[in-house]
Amino acid sequence: MRSHLDLLVAVLRGTWYVCFYRLFRRNVTIRFPFKAFARVRIEGPGSVFVDRNCAVHLNVFKGLSIVTLSPEARVRIGARCNLGGLTIRCRTHVSIGDRTMTAVSLVQDTLFLDEEKARENRVADRFPWAAPVAIGSNVWITMQGIVLGDTRIEDDSVLATGAVCCHYRALPYTLVSGNPAKRSLPISRVMHLVARR
Amino acid sequence: MKDWIARLRGDLFRLRVRFFHKRFTAGPGLRIYRRFRFDGQGSVRIGRNCRIDGIRGDDSQYVCLDTLAPEALIVIGDNASLYAARIVAKYQVTMQDDCLIEESGIVDTDFHAIERGRQAPAGESKEACRISIGNRVCVGARSCILKGVTIGDDVVVAPGTIVSTSVRAGSFVRGNPGRCATSTEDRDGGE
């Protein structure tokens, strides 16, 4: 009974977010149906698109937070995603495929949010400043994962707890772990090792 | 408008600490954009033209400056920008000018020992545990700077880094534990 009530509240809350952004924030498009079990916060001048049938869950006290840092920023989230505690900070382009699942994690395509201060300290002269992030379909980003700029996570991959990816390419259906993430392990091999125990 | 309000908040805060918190000094030009908490009986000195702010999109985090002992000292240089930075000092944390700290923790003690009793850690002292951060250091989101670390000038700490050893000037540090990298690129991941 309670779960039905929670679902109803989430659908109503999600519908409220869909209507609110369509009416008052023309750069943000959330497609119906959208289930919001936790707070959704989207701000910034860039464009954000969330496809249909997505759900936002509460994970470690956080819901969904998307911050675009420039008018050219584009965030695209695919259909049927389950986003829990996800924070996206985008200066260029962040895309997340369909059926992706996230726990409390951070996707940030730029090294620092305060561009003016970092440019004063000449960070941009020495290191790549911002680069797009592409996350494929059916990816699972587990707890406290951080995905930084110029990273591509292919379909069906899993980002292990605490993994931090920067300038990284993961093959499809692999387990990515480590800080910084180095070689990713094919999940079929992981299953084989587990079966052999 | 926001800048004006932040500057006003900063001036009012400086007035307040001048009368009620003698161990806290803040230089002129302080701007407070979001909630700011400080606690403890130690001394805190903030330089000129500093910025205290939160993280965009997240109201639950804010700048905290905690001192755990009356002898503890936190020094923040001029033109620093703190975005939801949490600084905890039992001994001494000093930061030079033009630093940028985003959503990170700086702690100069382990709080507990790893033995079963979880007593206060042995072997900690000001000389061993103090944290020293140089000029123009940028610390990315969700990083931690641990005890006894000296960070040189012009260091960039990538998001998600746990800095447990000292860092020479001009480096780029990432990883857990933090290691200097010659560039931000790491191309051997799965290809």
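The values are calculated or read from the model by the stated rules, or taken from the named source; none is laboratory data. Values in this document were obtained by computation on a predicted structure and should not be read as measured data. For neighbour counting, all protein chains shown are included, and Cβ atoms are generated from backbone atoms with ideal geometry for every residue, glycine included.
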Hey, could you check segment A:143-170 for residues that are in contact with a strand residue (DSSP E or B) (Cβ under 6 Å, 6 or more places away or on another chain), of a type in the set (S, T, Y) and part of a loop (DSSP other than H, G, I, E, B) and say which is nearest to the other protein chains (Cβ to nearest Cβ)? A:Y168
Any residue at all in segment A:142-150 that is among the aliphatic types (A, V, I, L, M), touching a helix residue (DSSP H, G or I) at 6+ places or on another chain (Cβ under 7 Å) and crowded, with 23+ Cβ neighbours inside 10 Å? no
A:A130 - would you say it is free of Cβ contacts under 8 Å to residues at least 12 places away in the same chain, surrounded by 21 or more Cβ atoms within 10 Å (Cβ to Cβ) and of a type in the set (G, A, S)? no
Scan (1) modelled with pLDDT under 95; (2) within 10 Å of the chain's Cα centre (by Cα) for the single condition A:V60 breaks and write down its number. (2)
From the residues in segment B:112-134 that are in contact with a strand residue (DSSP E or B) (Cβ under 9 Å, 6 or more places away or on another chain) and of a type outside the set (A, V, I, L, M), which one is farthest from A:K117 (Cα to Cα)? B:K126
Here is a check on your reading of the model: is A:R119 on the phi > 0 side of the Ramachandran plot and surrounded by fewer than 24 Cβ atoms within 10 Å (Cβ to Cβ)? no
Checking B:N79 against (1) within 14 Å of chain A (Cβ to nearest Cβ); (2) modelled with pLDDT under 95, the condition it does not meet: (2)
Looking at the structure I just gave you, is A:L5 out of contact with any helix residue (DSSP H, G or I) (no Cβ under 6 Å at 6 or more places or on another chain) and surrounded by 23 or more Cβ atoms within 10 Å (Cβ to Cβ)? no
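Per-residue answers, yes or no, for (1) under 22 Å from B:C138 (Cβ atoms); (2) surrounded by fewer than 18 Cβ atoms within 10 Å (Cβ to Cβ); (3) within 14 Å of chain A (Cβ to nearest Cβ); (4) modelled with pLDDT of 95 or more:
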residue	(1), (2), (3), (4)
B:R35	no, yes, no, no
B:Q41	no, yes, no, no
B:I87	yes, no, no, yes
B:Q96	yes, no, yes, yes
Hey, does segment B:45-53 have a residue that's more than 21 Å from B:R136 (Cβ to Cβ) and either in contact (Cβ under 8 Å) with a residue 60 or more places away in the chain or more than 14 Å from the chain's Cα centre (by Cα) (or both)? no
Test A:L106 against the criterion of being under 28 Å from B:I55 (Cβ atoms) and buried (at least 24 other Cβ atoms within 10 Å of the Cβ), and give yes or no. no
B:D108 - would you say it is within 14 Å of another protein chain (Cβ to nearest Cβ) and either surrounded by fewer than 24 Cβ atoms within 10 Å (Cβ to Cβ) or not small (G, A, S) (or both)? no
Please name all residue pairs, on different chains or six or more residues apart, with Cβ atoms under 9 Å, provided the first residue is in segment A:168-181 and is closer than 15 Å to B:N176 by Cβ and without any contact (Cβ under 8 Å) to a residue 40 or more places away in the chain and the second residue is of a type in the set (F, W, Y) and buried (at least 24 other Cβ atoms within 10 Å of the Cβ). A:V176/A:Y168; A:P180/A:Y168; A:A181/A:Y168
Listing of strands (runs of 3 or more DSSP E) fully contained in segment A:72-137 that carry 1 or more residues being more than 11 Å from chain B (Cβ to nearest Cβ) and either farther than 30 Å from B:V155 by Cβ or not hydrophobic (A, V, I, L, M, F, W, C) (or both): A:74-77, A:82-84, A:93-96
For segment B:65-122, what are the residues that are in contact with a Phe, Trp or Tyr (Cβ under 8 Å, 6 or more places away or on another chain) and charged (D, E, K, R)? B:D66, B:E71, B:E102, B:E103, B:D108
Please work out which residue is surrounded by the most Cβ atoms within 10 Å (Cβ to Cβ), limiting yourself to segment A:171-190 and to residues that are part of a loop (DSSP other than H, G, I, E, B) and at the interface with chain B (Cβ under 7 Å from one of its Cβ atoms). A:S184
Out of curiosity, is A:R196 over 16 Å from B:G140 (Cα atoms) and within 11 Å of another protein chain (Cβ to nearest Cβ)? no
Which of the numbered conditions does A:L8 fail, given that it passes all the others? Conditions: (1) over 15 Å from the mean Cα position of the chain (by Cα); (2) within 24 Å of A:G136 (Cα to Cα); (3) aliphatic (A, V, I, L, M). (2)
